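*Asks:* What follows is a single structure, and I will ask about it in a moment.
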Amino acid sequence: MLKYILKLGWKNVWRNPTRSGVVIITVLLGTWAGIFATGFFNGMLNDYIKGQINLTVGHVQIMYPEFEDLYNPNYAIPNAENLIRTLQVNPDVDEVSGKSVATGLAQSARNSFGVTIWGMDIENDTSVSVRSIKGYLEEGDFPEAENRNQILIGDDLAERLGLELRSRMVLSFQDVSGDLTAGAFRVAGIFDSFDSRFDENFVVVNKADLNRILGGKNLTHNIRIDTDDLMTAGVLAEQLQDSNPDLEVKSWREIAPDLRYVFDMQDLSLYLVMIIIIIGLIFSIINTMLMAVMERTRELGMLRAIGMNKSRTFSMVMLETVFLTLVGSPVGLLLGWLTITYFGASGIDLSAFSEGLEGWGFTTMIYPSLALKYYLNIVLFVAVAALISALYPAWRALQLRPVEAIRKFN
Amino acid sequence: MPTQNGNNMSVIRTEGLTKVYNPDQVPVHALNGVDLTIEKGEFTAIVGPSGSGKTTLLNIIGGLDEPTGGKAFIRGTDISTLSDRELINFRLNHIGFVFQSFNLIPVLTALENVSFIMQMQGRPAKECREKSIELLEEVGLKDKINKRPSELSGGQQQRVAVARALASKPDFVLADEPTANLDSVSTAELLDMMAELNEVEDMTFIFSTHDQRVIDRARRVITLVDGKIDSDEERTVDSG
Ligand SMILES: Nc1ncnc2c1ncn2[C@@H]1O[C@H](COP(=O)(O)OP(=O)(O)OP(=O)(O)O)[C@@H](O)[C@H]1O
Ligand SMILES: [Mg+2]
């Protein structure tokens, strides 16, 4: 690039500081908004995936192959205790939790509703499956082992059935011999998770209570495994399937296809957010730079008249935009990074909108986060956007006919 | 480029130049057959009533506009045969322009404005700078070389424009009403300076004007009426 054209492009940046300021701030805000929106959305998706995984899905689940079809309580995992012990020493496994499961009807004096009943070792199980439910406890306490038939229900089910703490309710389901059985439970606690579907459809009781009513000893229908990495869960599931050919081992990707979809689309969604912001950026830069060119009709006409060729004229206008971007983008990048870092630690509280979000299974605290590659890509996008938006004004500068521009002088 | 022993050629020669604006709607016959020859070293004024075609003629000679008919030769080169791209380069290297106003790039100093055209010609930075300073001294702006146009008076700006026009070492300088926006003192100063450069550097000047004091300084006065040469007189002037 010719030095004097560079110099002129740079000086042109400062001829109208207000307008250049507008472009710089537009670029700055565009970069910042790109980073923040992407980080926010990323945090939201991460939380969504993490919340769902922690609360219900886990990374890997092991069941008896036929269990899932009809939830027949006979299809418990044989020798579940042994399996759990071997899993606990597996280096790829972080946490293991075994529960018995039944599907049935929850009834109150007022109403009834179909639910999935989880029998968990609430007192002794310290794994994330129990921890996460405990984390959402809103009222009351956890069922205790010495008090028989206590139950933990979600706030939405409580509302539907008209239940309060210490209310009595009945769970009815099929037992191991295929007969319909029922148990009366007392509400020990009410939880309120981010996902109202879960709060309505799942209840938690002590495993011993559920198994007693089911009529089996030490029944475990489902073993849930958590690892330290969602990505490698599939590999672990395959290994465990190989070593336990009689059981069915599934990773979260198979268990929750909707989560898999969100997870796989996350990248694409983030780029979509970026692109939408970049398009807005392009239009505002085009607008301002076009003004800058139109305002300089006479000067550009004079330059063309005295012999400035098209490529120089074009470069001059392009360079001006590039300089403006070079100032705005790094500042926006820094601000974006600071915002993400700050809110990534403190979180953004969306509880004002929590009802709407809970319906979709989203948490109300969002912790924005963004991997380095997105920062780099946003900067790249902004740079490309700036070049694209400089093209049209620069092209318009070339369309100018010197004679006509000069006629306007006099 | 079809140029034939250029140095012996007249600087400018036109043959039956015509120009019709808006030929399809309401045709305006701005030039109606202009035959004109200008030799090296002339100091020539194009005069005539408003709308007589002065600007049109200068624009065609300057390679900024195309004639509807006829030919214009610059040192033997028929400029109508040049492509757009060649024409831009031709203007850069062969023609110096001084316009009525908006001659300078506002963000550049006087020195940078003069250097700029030489930089476009691809001359070395040192030469550009030295030659520019020399020219700005010649036009009497020695102490203003680092001023921007906004810090200069109208007359000073026009003098920078003249320095710029000479900096590219053109075959001739075209000036369409260079003094139209100047007061009489600045007009006289600019004319003195142009006359001196004409003498000292043997630079050819062609300018249009309405100003009788400017006309009085010209050594040849071509009068246009309705797009035709009405009179063409040589005269002697006392330079000073
Ligand atoms: N772009 C154009 N389109 C149509 N008509 C034009 C155009 N430019 C000039 N004309 C007409 O051509 C004629 C000659 O114009 P020109 O500008 O050459 O005259 P001039 O002698 O320079 O006038 P002035 O002394 O006012 O500057 C005028 O009638 C003018 O209106
Ligand atoms: Mg005119």
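*Asks:* Around A:Met365, with a cut-off of 10 angstrom between Cβ atoms, what is the net charge of the other residues, counting Lys and Arg +1 and Asp and Glu -1?
*Replies:* Values: positive: none; negative: A:Asp47, A:Asp349.
With Lys, Arg at +1 and Asp, Glu at -1, the neighbours total -2.
*Asks:* Per DSSP helix of 4 or more residues, -39500 (n - 2.57); summed, then divided by the residues of chain B. What does that give at 222 nm, rounded to the nearest 500?
*Replies:* Counting only the DSSP helices, I get -10500 deg cm²/dmol.
*Asks:* Something else: If we sort A:274-281, B:94-101, B:225-232 on the protection proxy, mean other Cβ atoms within 10 Å, highest first, what's the order?
*Replies:* With the highest mean Cβ count within 10 Å placed first, the list reads B:94-101, A:274-281, B:225-232.
*Asks:* Filter the GluC sites (Glu not before Pro) in segment B:149-240 down to the DSSP loop ones having no more than 14 other Cβ atoms within 10 Å, then list what survives.
*Replies:* Here the GluC sites (Glu not before Pro) that fit, given the DSSP loop and packing criteria, are B:Glu201.
*Asks:* Could you tell me which of the pairs A:Lys11/B:Lys40; A:Lys99/A:Lys250; B:Lys40/B:Lys144 are separated by over 27 angstrom between their Cα atoms in the structure shown?
*Replies:* Values: A:Lys11/B:Lys40 38 Å; A:Lys99/A:Lys250 16 Å; B:Lys40/B:Lys144 31 Å.
Violating the 27 Å Cα-Cα cut-off are A:Lys11/B:Lys40; B:Lys40/B:Lys144.
*Asks:* Within segment A:151-196, report the trypsin sites (Lys or Arg not before Pro) that DSSP leaves as loop and that have at most 10 other Cβ atoms within 10 Å.
*Replies:* A:Arg166
*Asks:* Also: Cross-link candidates for B:Lys142: which lysines have Cα within less than 22 Å, leaving aside residues fewer than 8 places away along the same chain?
*Replies:* Here the lysines satisfying the reach criterion relative to B:Lys142 are B:Lys126, B:Lys131, B:Lys169.
*Asks:* What do you reckon, how do B:Met9, A:Met231 stack up by accessible area (1.4 Å probe), largest on top?
*Replies:* Details: B:Met9 50, A:Met231 130 Å².
Solvent-accessible surface, decreasing: A:Met231, B:Met9.
*Asks:* As a check on your grasp of the helix formula, calculate [θ] at 222 nm for chain A: sum -39500 (n - 2.57) over DSSP H runs of n ≥ 4, divide by the residue count, round to the nearest 500.
*Replies:* Estimated from H runs of four or more residues: -18500 deg cm²/dmol.
*Asks:* In segment A:100-248, what % of DSSP beta bridges are antiparallel (nearest 5)?
*Replies:* That works out to approximately 70 percent antiparallel.
*Asks:* Mean Kyte-Doolittle of at least -1.0 plus a Cα span of 27 Å or more along the axis: flag which DSSP H helices in chain A meet both, please.
*Replies:* Both cut-offs are met by A:17-52, A:257-295, A:310-346, A:372-399.
*Asks:* Over chain A, what is the relative contact order in percent, taking alpha-carbon pairs closer than 8 angstrom and at least six residues apart?
*Replies:* It rounds to 27 percent for chain A.
*Asks:* Within 10 Å of each Cβ in A:303-314, how many Cβ atoms from other chains are there, averaged over the peptide?
*Replies:* 6
*Asks:* Order B:56-68, B:204-216 from most to least packed using the mean count of other Cβ atoms within 10 Å.
*Replies:* Working: B:56-68: 22.8, B:204-216: 19.3.
Those peptides, ordered most packed to least, come out B:56-68, B:204-216.
*Asks:* If you don't mind, another one. Quantify how strongly other chains surround peptide B:95-102 by giving the mean number of their Cβ atoms within 10 Å of each of its Cβ atoms.
*Replies:* 5
*Asks:* Something else about it: So if I place +1 on the C-beta of Lys and Arg and -1 on the C-beta of Asp and Glu, and nothing else carries charge, what would the dipole magnitude of chain A be about its Cα centre? I want it in debye, nearest 20.
*Replies:* The dipole magnitude comes to about 3880 debye.
*Asks:* Still on this structure, please answer the following. List the residues, sorted by chain then number, that are 5 or more residues from A:Ile348 or on another chain and whose placed amide H is less than 5 Å from its amide H.
*Replies:* Answer set, sorted by chain and number: A:Ile366, A:Tyr367.
*Asks:* Could you tell me whether the protein assembly as shown comes out rounded, prolate or oblate from its Cα gyration tensor? Rule is a ≥ b ≥ c as square roots of the eigenvalues, rounded for a/c under 1.5, then prolate if a/b exceeds b/c, otherwise oblate.
*Replies:* Because a/c hits 1.5 or more and a/b exceeds b/c, the protein assembly as shown counts as prolate.
*Asks:* Restricting to chain B, what percent of DSSP beta bridges are antiparallel, rounded to 5?
*Replies:* Around 55 percent of the beta bridges assigned by DSSP in chain B are antiparallel ones.
*Asks:* Diagonalise the Cα gyration tensor of segment A:60-226 and give the resulting equivalent ellipsoid semi-axes, square root of 5 times each eigenvalue, largest first, whole Å.
*Replies:* Equivalent-ellipsoid dimensions as semi-axes: 25, 19, 13 Å.
*Asks:* Under the classification rounded if a/c is under 1.5, otherwise prolate if a/b is larger than b/c and oblate if not, where does segment B:129-189 fall, given a ≥ b ≥ c as square roots of the Cα gyration tensor eigenvalues?
*Replies:* Judged from the Cα gyration tensor, segment B:129-189 comes out oblate (a/c at least 1.5, b/c at or above a/b).
*Asks:* Which is farthest toward the positive dipole end of chain A among A:Trp118, A:Leu370, A:Trp14, measuring Cα position about the Cα centre, with Cβ charges +1 (Lys, Arg) and -1 (Asp, Glu)?
*Replies:* About the Cα centre, the residue reaching furthest to the positive side is A:Trp14.
*Asks:* Amide H neighbours of A:Ser127 under 5 Å, counting only residues 5+ apart in sequence or on other chains, H built in-plane at 1.01 Å?
*Replies:* none
*Asks:* Antiparallel versus total DSSP beta bridges in the protein assembly as shown: what percent is that, nearest 5?
*Replies:* In the protein assembly as shown, DSSP labels about 70 percent of beta bridges as antiparallel.
*Asks:* Same structure, new question: Specify the inter-centroid distance of segment A:234-275 and segment A:45-101, based on alpha-carbon positions, in whole Å.
*Replies:* 15 Å
*Asks:* A follow-up question, please. Which percent of the accessible heavy-atom area of segment A:60-226 goes to carbon and sulfur, probe 1.4 angstrom?
*Replies:* Whole-percent figure for carbon plus sulfur exposure: 42.
*Asks:* Mind checking segment A:139-191 for GluC sites (Glu not before Pro) that DSSP puts in a loop (not H, G, I, E or B) and that have at most 14 other Cβ atoms within 10 Å?
*Replies:* A:Glu144, A:Glu146, A:Glu164
*Asks:* Below 8 Å, C-alpha to C-alpha, sequence gap of six or more: please give me the relative contact order for segment A:176-280 in percent.
*Replies:* Reported as a whole number, the value is 15 percent.
*Asks:* Let me confirm one metric for peptide B:118-125, namely the mean number of other chain beta-carbon atoms within 10 Å of its residues' beta-carbons.
*Replies:* 3
*Asks:* I need the shape label for chain B. Rule: rounded when a/c is under 1.5, else prolate if a/b > b/c, else oblate, with a, b, c from the alpha carbon gyration tensor.
*Replies:* prolate
The values are calculated or read from the model by the stated rules, or taken from the named source; none is laboratory data. Note that this is a predicted model, so its numbers are computed, not measured. Methodologically, a virtual Cβ is constructed for each residue, glycine included, from the backbone with ideal geometry; neighbour enumeration extends over all protein chains shown. The accessibility values were calculated without ligands, DNA or RNA, using every heavy atom of the protein model including side chains. Shrake-Rupley method; radii C 1.70, N 1.55, O 1.52, S 1.80 Å.
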